2 protein chains.
Amino acid sequence: MATPRFDIIGQAIADASRTRMLCELMEGRSFTNKELASAAGVTPQTASAHLRLLQDAGLVVAEKRGRCVFHRLSGPEVAQALEQLAAIAPMDSLYRAQRRKAGGLAQVRSCYDHLAGPVAVAMTDALIARGHLREEGGGFHPVAGEIWAGLGVCLPDRVMRAPFARPCMDWTERRLHIAGPMGRQILTHALEAGWLRRPLRGRGLEVTTPGHRALAERLGLGSALAGLSGLKSCEEA
Amino acid sequence: MATPRFDIIGQAIADASRTRMLCELMEGRSFTNKELASAAGVTPQTASAHLRLLQDAGLVVAEKRGRCVFHRLSGPEVAQALEQLAAIAPMDSLYRAQRRKAGGLAQVRSCYDHLAGPVAVAMTDALIARGHLREEGGGFHPVAGEIWAGLGVCLPDRVMRAPFARPCMDWTERRLHIAGPMGRQILTHALEAGWLRRPLRGRGLEVTTPGHRALAERLGLGSALAGLSGLKSCEEA
DNA sequence: CTGAGACTTCGGCGCTGGGCGAAGTGTTTG
DNA sequence: CAAACACTTCGCCCAGCGCCGAAGTCTCAG
């Protein structure tokens, strides 16, 4: 029989430790062996074996700089496939408790190359409610040019000609939100405009004061952002 | 850490036998234990264990009718996730040889709920070349109404209002083709109009004589269909 | 009722693979 | 050069799982 070798990918993601590493890597940044070992709760030598396996499966690429090795997902297709899996995978049972404890954790975060978390879902809802975006047939369609006006963003023609919004199932919200090229542009712009900032330490993204104002004024997200003023990223224990 | 349990899905697809079963199930129909055991090359009792596992992972549902149990993928999300994985998974090395031997096998087939195979790819290309479909930002966009005229198909308003075409990476061609709601409509129509037929035995779909004529005249696919006249589905060995 | 067929359960075998401690390699710092 | 550090390799232990033969359950045909 002619078959794609799902099993090779399956082997790679079949282990809980590797799953945790991949979830970490979904943030889009590079991570060192040590960071990923800590995220997975194993020793560095075990993590090393896992990462080698993930590399062999083609999910992860490594780059050596000095005495450090930086690992990241090998491409957007991988992130997209993992997202798709997350849509059908059960959630970690520890999740709900942890989320309560962690508070603001993951309110805003990056999902490989676009925004995710409750705020991203709220943004998508607001864009639809205001007529800037249309949901149909399982996809998001921008109402020509409108979406950019809604965000108050000026974008290059190249992007205007390819404003395709791929839906993405959020891990925590289980709701669709904007991914794809448009999602990437929104994240990029939000970072460039200073609405969001990657904190030096820890996970997630910080909403800056101008970011608060912009999202509240342009999309009416004041209430969704209510608990976030001065939000610092939260660490576990 | 809050994580989706990729590993549960991973465990389920981590085995080559289960991979073969899933590929079989991707056709979209229901299959019995015995059929799937044969497809995977294992005994029925082993297949039974595998299917139980796939069921526990939520990938497959079983329906008991009389003394037979029919298994099928639990939903479109599963098929979509598997497609996405196929895009990043290496192909079975036996594949190329088998494909040559099998000849017409898989020239046209269903991929869960839409068309796949070389002919589906050619259809997509033809629709783009003729201006009925636009590819941008990683998605396909119908040029309003035109695609249906191109296919000579009259479809309900409901579909016209939601003509979203999700791209799908074909297993064999490694090329994008039409999936999503539009893909489902195209497959449904092709079956209803008698252009395609599910053979009683064997895999894939048959292109009927009217189907040949319709695709050649409307989309200029005469050459793509050249080797297929009177095509019967091919069995292995 | 009896036999055949589809499927599942059970038990046992053998292999694979995750885990860590200890030791090794290469790089940066002092 | 020596010490610190990041990472990898090696060797070992043990749990888990794929596989099949044999036996059991359920359903249908005669």
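Just so you know, all these numbers are worked out from the coordinates, no wet-lab data involved. Predicted model, so just to flag it, every value in this text is computed and none were measured. As a convention, Cβ positions derive from the backbone with ideal geometry for all residues, glycine included, and neighbour counts pool all protein chains shown.
Quick look at the values:
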read-out	value
Rg in Å to one decimal, and Dmax rounded to a whole Å, for the stretch B:6-74 via C-alpha atoms	10.8, 35
Separation of alpha-carbon centers, the stretch A:106-128 and the stretch A:9-53, rounded to whole Å	25
Around B:Ala179: net Lys/Arg minus Asp/Glu count, Cβ-Cβ under 11 Å	-1
Inter-label distance, nm, simple model (7 Å from Cα along the C-beta direction), B:Arg29/B:Gln55	2.2
P(r) of the stretch B:44-95 over all Cα-Cα pairs, binned every 10 Å from zero, in whole percent	21, 40, 33, 7
Order by protection proxy (mean Cβ within 10 Å, highest first), peptides B:50-59, A:191-200	B:50-59, A:191-200
Estimated inter-spin distance, B:Ala129 and B:Glu63, nm [label 7 Å along Cα→Cβ]	4.0
Per-residue HN-Hα couplings for the stretch A:38-50 [Karplus 6.51, -1.76, 1.60; θ = phi - 60°; Hz; x = Gly/Pro]	5, 4, 8, x, 10, 6, x, 5, 5, 4, 4, 4, 4
B:Ala179 long-range amide H proximity, modeled H, under 5 Å	B:Arg166, B:Cys168
Residues of the stretch B:49-86 with amide N under 12 Å of a point placed 7 Å along Cα→Cβ from A:Glu77	B:84-86
Amide H within-cut-off set for A:Glu27, under 5 Å, with H built and near neighbours excluded	A:Tyr112
